[in-house]
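Take a look at the structure set out below.
The values are calculated or read from the model by the stated rules, or taken from the named source; none is laboratory data. In this text the structure is predicted, and so the values were computed from the model without any measurement. Cβ atoms come from the backbone with ideal geometry, glycine included; neighbour counts cover every protein chain shown.
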Amino acid sequence: MVKKKIKFGIIGAGLMGREFASACARWCHLTEMKAKPELVAVCDKNPGLYSWYEDNFPSVKQITDDYHELLANPEVEAVYCAVPHNLHEQFYCDIIKAGKHLLGEKPFGIDKKANDAISKCIKEHPEVFVRCSSEFPFHPPMQRLGKMIEDKFFGQIIEVNSGFLHSSDLNQNKVINWKRMIDFNGEYGCLGDLGMHPCHMPFKAGWYPKNVRAILSNIVKERPDGKGNMVPCETWDNGTMFCETEDPDTGEMFPMTIKTQRIAPGETDTWYFEVKGMKGCGRWNSKKPRTLEILEYNGGDQAWQQIDMGAQVAFPGITGGIFEIGFSDTIQQMWAAFIYELTEGKPKSKFASCVTPEETALSHRLFSAALKSQENHSTVDIDKLP
Ligand SMILES: NC(=O)c1ccc[n+]([C@@H]2O[C@H](COP(=O)([O-])OP(=O)(O)OC[C@H]3O[C@@H](n4cnc5c(N)ncnc54)[C@H](O)[C@@H]3O)[C@@H](O)[C@H]2O)c1
């Protein structure tokens, strides 16, 4: 089968830029995709990154440090943009205005004002397909939990807990980088950097917080700058958002916690999601990547069962169904969702889809309310935000 090619440029060729390039390079992994991305252009300010792309991607014909040049390239149909948060508004709007489809990175604007500007630009250019990155739902147990939400397995929701935890900042000697600086990462701190991921499943499920009480902590207040000095580290390290959320099926309210932590001892890179309902419960934690836990209640025993899941992914590939998948696979699955929706005009399924611009707007309302809540030590109504 000859696959339709979509020619891509990358703006921001660092950690995540390379993950996308790698996913493109092994697109043959996916057996049912009718379209494939082809990397033709790369832009980054850091020339030290160029040789990896030159050595591995003969399809790349343009490498530049000026993203305007990449946007002027008529060959480029779509862009993956993975740059620091302070650049999202300008870069995303310029990409959209240039008529290129966009997968942008979270938080999709450094703050709510930037996100509003991006949303306005998207509305003015309906011909351009725009989505935001978050690979969390593409782990097979999460896909299964998504199907269970669609099938109303849980009954009336009792509570939901979703989180994303890192431990590396426990090391106080870790050199500061842009993700720990307000000018580049934003006032949201860990909420902006990590928060879209744990919000993704609840938002897709239609579980929209009505209000939030947030507790945010700046635990490590200065860090080495790598040049022998200590410099201020002002971003929030950890944040927990306690949200009152409406269950759209019953109209009843339930508590939902969304936790993002950069200093979570022992948690290298832990994603978790848990739904407790009157008919059933389900949970997954990336510490045990294959294991989905389910409790089904029919009036008898309340017993958790463990299901070992293999590569039961949304977009099938060559990997045998019993084998494990990892971070790079979920990134490729997310890209498959983007390419599928771009070419088919609709997502493959509710939970096999990327974050929409509307969902990013909702996350910015939540994070802005969380900042206010922390400032005033109060519960903030999200609907009452300007
Ligand atoms: N989806 C995920 O799991 C995930 C993981 C990490 C980061 N991210 C997001 O990806 C984005 C980038 O993060 P990263 O970890 O790849 O960071 P990174 O620092 O590794 O890469 C960012 C790149 O942008 C480049 N850059 C900076 N200014 C530029 C400019 N003016 N023109 C062109 N290039 C420029 C830098 O040189 C750098 O290579 C952020 O929005 C971050 O939140 C997402």
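Give me a count of the residues in the stretch 68-86 that are assigned to a loop (DSSP other than H, G, I, E, B) and surrounded by fewer than 20 Cβ atoms within 10 Å (Cβ to Cβ).
Count: 6.
Could you list, in sequence order, the residues of the stretch 98-117 that are out of contact with any His (no Cβ under 7 Å at 6 or more places or on another chain) and closer than 24 Å to ILE6 by Cα?
Across the stretch 98-117, the qualifying residues are ALA98, GLY99, LYS100, HIS101, LEU102, LEU103, GLU105, LYS106.
Could you please find all residues in the stretch 81-112 being among the small types (Gly, Ala, Ser) and more than 20 Å from ILE339 (Cα to Cα)?
Matches in the stretch 81-112: GLY109 only.
Restricting the search to the stretch 12-66, which residues are within 16 Å of the ligand (Cβ to nearest atom), without any contact (Cβ under 8 Å) to a residue 40 or more places away in the chain and in contact with a Ser or Thr (Cβ under 7 Å, 6 or more places away or on another chain)?
LEU39, CYS43
In the stretch 91-105, which residues are more than 9 Å from the ligand (Cβ to nearest atom) and either without any contact (Cβ under 8 Å) to a residue 24 or more places away in the chain or more than 14 Å from CYS121 (Cβ to Cβ) (or both)?
Across the stretch 91-105, the qualifying residue is only LEU103.
Of everything in the stretch 119-153 that's acidic (Asp, Glu) and assigned to a helix (DSSP H, G or I), which residue is farthest from ARG290 (Cα to Cα)?
That would be GLU124.
Of the numbered conditions (1) surrounded by 19 or more Cβ atoms within 10 Å (Cβ to Cβ); (2) farther than 12 Å from ARG131 by Cβ, ASP65 satisfies every one except a single condition; which is it?
The number of the failed condition is (1).
What are the pairs, 6+ residues apart or on separate chains, where a residue within the stretch 370-381 that is farther than 15 Å from THR257 by Cβ has its Cβ under 6 Å from a residue that is of a type in the set (D, E, K, R)?
VAL380/LYS372
Taking the stated definitions as given, is SER162 buried (at least 21 other Cβ atoms within 10 Å of the Cβ), modelled with pLDDT of 95 or more and either among the hydrophobic types (A, V, I, L, M, F, W, C) or in a strand (DSSP E or B) (or both)?
For SER162, the condition - buried (at least 21 other Cβ atoms within 10 Å of the Cβ), modelled with pLDDT of 95 or more and either among the hydrophobic types (A, V, I, L, M, F, W, C) or in a strand (DSSP E or B) (or both) - is met.
Among the residues of the stretch 185-217 satisfying the criterion of being touching a helix residue (DSSP H, G or I) at 6+ places or on another chain (Cβ under 6 Å) and more than 24 Å from HIS377 (Cα to Cα), which is farthest from the ligand (Cβ to nearest atom)?
Across the stretch 185-217, the extreme among qualifying residues is ALA205.
Could you check the stretch 67-82 and list, in sequence order, the residues that are free of Cβ contacts under 8 Å to residues at least 60 places away in the same chain, within 16 Å of the ligand (Cβ to nearest atom) and out of contact with any Asp or Glu (no Cβ under 8 Å at 6 or more places or on another chain)?
Residues satisfying the conditions are GLU69, ALA72.
Within the stretch 239-260, work out how many residues are aromatic (Phe, Trp, Tyr) and either within 24 Å of ASP193 (Cβ to Cβ) or not assigned by TED's automatic domain parsing to the domain that holds LEU366 (or both).
1
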